[in-house]
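The values are calculated or read from the model by the stated rules, or taken from the named source; none is laboratory data. On a predicted model such as this, the values are computed, not experimentally measured, just so you know. Cβ: placed from backbone, ideal geometry, glycine included. Neighbour counts: every protein chain shown. The protein model used for the area step is the full one, side chains on, heavy atoms only, and it has no ligands, DNA or RNA in it. Shrake-Rupley method; radii C 1.70, N 1.55, O 1.52, S 1.80 Å.
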Amino acid sequence: MILNSHSKPSVIKKRAIANFSEHVSSAKAAFFQKYGMDFVMGSRKGPYLRDIDGAKRLFNLHCNGGVFNLGHRNSELIGLLKAGLDEYDIGNHHLMSKARADLARLLAELMPGDLNYTVFGVGGGEAVDLAFKVARAYTKRTKIISAKGGYHGHTGLALAAGDARYSRPFGPPAPGFVQVPFNDVGAIEAAADTDTAAVILETVPATLGICIPGDDYLPSVRKICDRRGVLLIMDEVQTGLGRTGKLWAFEHFDTMPDIVVVGKGLSGGLYPISATVMRQPLETVFHEDPFIHVSTFGGAEIGCLVAQRVLEISSSPDFLNHVNRLAQDFAEQLKTCLKSHSKFFIALRQLGLMMGLVLRDEQCGPILTKTAYDHDLLMIYANNDPRVCQLLPPLVMDPARIGWVIRQIDGALTAARRLKTLAGVKSGFERIIKKWV
Ligand SMILES: Cc1ncc(COP(=O)(O)O)c(C=O)c1O
């Protein structure tokens, strides 16, 4: 039954919210209810997700940072998963595995140079942790350099590579981590020393507000790494798998990494899996004891089947052409929005379908997130730079829907401008910023 969006929540929805509040997160439940965003995920398909009561439908312009690159409940992947269950399960991480071997081989074929070996994990943070472990074991050095405002996950070592505000409440972070400003070659030059094992960078830092690096940045970092014997780790958890119009975003910058981290979209939105892909020589760190790193669910065989198809789809020239065509359409149609909201929407950052709307100030990202929701769009601001709203549509979306999406964004921008100027509202949204940032 489809209810209208103003109907009272059903008993099922009320119970879900109450259970969430009592057993998952009381603060999140209170926050979403307070700001009229008490959406509980129900059915989902393609670019859409519906509230559990069926009333509200959102167009997903965030895609969980790329998890839903191929849309929600992609029917081909679901068919593959169902058929795979006739033969496979998670597998056994102690033993050799054809599914894991096939997927690792395909990754090697799709990566440049001798990026030939893969260790599988479950999530991006785990894959980043492993990248640091490999870098330290190989170089016999400890220091890891990352970008201020960058984001690599909330597991042990990945957490230490991120901003202190995420680790501070949880006690001292792992030692050996240094942050430098993104897009600043001199800062890397100054920080990289004889104890530096690796530099890790997102090719386009998403949580920092979709910052597009200068053309020379990554090649210059590569040169510094080569000179100092430091490994370069590219975090392609969000930027990989076609998001930027090339299979891997580092291909735009003619830079060869030593280690590449892949996650999110590799799951096809159905079965969690991540990958740490490393250059051939780095695999030697596991020669003495190949059991020194294990992950029970890492590279689950059933997930490997899905991931293999995700890679085949995402690397096909037709698919990448589609992404680039969508990117061009978005760029053209967003120009009108930029003109008509020029005091609020300052600039568009874009590499393929990795887009960020740069807004006037730090209040604007959270405000636009709310008004976009009211206009049936799921669009989320960048946590480490709330002036920017991320725009990450599904890579398989129908180009014919772009016009509708832009009209909704236009409406959301108009509402956001109004909301920002309303007396009294400002302080309310300052509270949002404090809670969300
Ligand atoms: C660039 C990047 N790296 C790593 C991660 C961590 O991935 P996960 O949440 O799967 O651990 C994320 C998650 O958002 C990410 O955006």
- Task: Identify the single condition in (1) open to solvent by 70 Å² or more (accessible area, probe 1.4 Å); (2) within 16 Å of the ligand (Cβ to nearest atom) that L85 does not satisfy, given that it satisfies every other one.
- Result: (2)
- Tell me which residues, restricted to segment 325-335, are of a type in the set (S, T, N, Q) and buried (at least 16 other Cβ atoms within 10 Å of the Cβ). Q333
- Message: Restricting to segment 24-52, name every residue that is crowded, with 16+ Cβ neighbours inside 10 Å, free of Cβ contacts under 8 Å to residues at least 60 places away in the same chain and over 23 Å from F68 (Cα atoms).
- Response: A29
- Task: Name the one entry in N64, N60 that is in contact with a strand residue (DSSP E or B) (Cβ under 8 Å, 6 or more places away or on another chain) and either open to solvent by less than 30 Å² (accessible area, probe 1.4 Å) or closer than 14 Å to G265 by Cα (or both).
- Result: N60
- within 22 Å of G214 (Cβ to Cβ) and hydroxyl-bearing (S, T, Y): does that describe Y151? yes
- Query: How about segment 1-111: which helices (runs of 4 or more DSSP H) wholly inside it have at least 2 residues that are farther than 30 Å from V294 by Cβ?
  - Reply: 11-23, 26-34, 75-84
- Being under 23 Å from the mean Cα position of the chain (by Cα), of a type in the set (F, W, Y) and under 30 Å from I409 (Cα atoms), is that true of even one residue in segment 98-120? no
- Task: Could you please tell me which pairs satisfy a Cβ distance under 6 Å, a separation of 6+ or placement on different chains, a first residue in segment 391-407 that is outside any helix (DSSP H, G or I), and a second residue that is buried (at least 23 other Cβ atoms within 10 Å of the Cβ) and aromatic (F, W, Y)?
- Result: P394/F68
- Sole miss for H93 among (1) touching a Lys or Arg at 6+ places or on another chain (Cβ under 8 Å); (2) at negative phi; (3) open to solvent by 40 Å² or more (accessible area, probe 1.4 Å) is condition (1)
- Which of the residues that make up segment 357-386 are in a strand (DSSP E or B) and under 16 Å from Q408 (Cα atoms)? L357, L377, L378
- Task: Would you check which residues across segment 230-286 are within 12 Å of the ligand (Cβ to nearest atom), open to solvent by 10 Å² or more (accessible area, probe 1.4 Å) and part of a loop (DSSP other than H, G, I, E, B) and list them?
- Result: V237, Q238, P272
- Message: Residue under question is V294, and the condition is that it be closer than 19 Å to G121 by Cα, of a type outside the set (F, W, Y), touching a His at 6+ places or on another chain (Cβ under 7 Å) and surrounded by fewer than 21 Cβ atoms within 10 Å (Cβ to Cβ); does it hold?
- Response: yes
- Note on the structure: Here the qualifying pairs (Cβ atoms under 6 Å; residues six or more apart or on different chains; first in segment 248-265 and of a type in the set (S, T, Y); second open to solvent by less than 10 Å² (accessible area, probe 1.4 Å) and more than 13 Å from the ligand (Cβ to nearest atom)) come out as T255/L218
- Hey, does segment 298-305 have a residue that's in contact with a helix residue (DSSP H, G or I) (Cβ under 8 Å, 6 or more places away or on another chain), within 15 Å of the ligand (Cβ to nearest atom) and in a loop (DSSP other than H, G, I, E, B)? yes
- Scanning segment 115-130 for residues that are assigned to a helix (DSSP H, G or I) and of a type in the set (G, A, S), which turns out farthest from the ligand (Cβ to nearest atom)? A127
- Output the number of residues of segment 194-224 satisfying the condition of being acidic (D, E) and in contact with a strand residue (DSSP E or B) (Cβ under 7 Å, 6 or more places away or on another chain). 2
- Looking at A416, A400, A347, which one is at pLDDT 95 or above, surrounded by 20 or more Cβ atoms within 10 Å (Cβ to Cβ) and among the small types (G, A, S)? A416
- If you go through segment 193-205 one residue at a time, do you hit one that is within 20 Å of R349 (Cβ to Cβ) and open to solvent by 10 Å² or more (accessible area, probe 1.4 Å)? yes
- Message: Checking the structure you have, find out if any residue of segment 140-163 is without any contact (Cβ under 8 Å) to a residue 24 or more places away in the chain and open to solvent by less than 30 Å² (accessible area, probe 1.4 Å).
- Response: yes
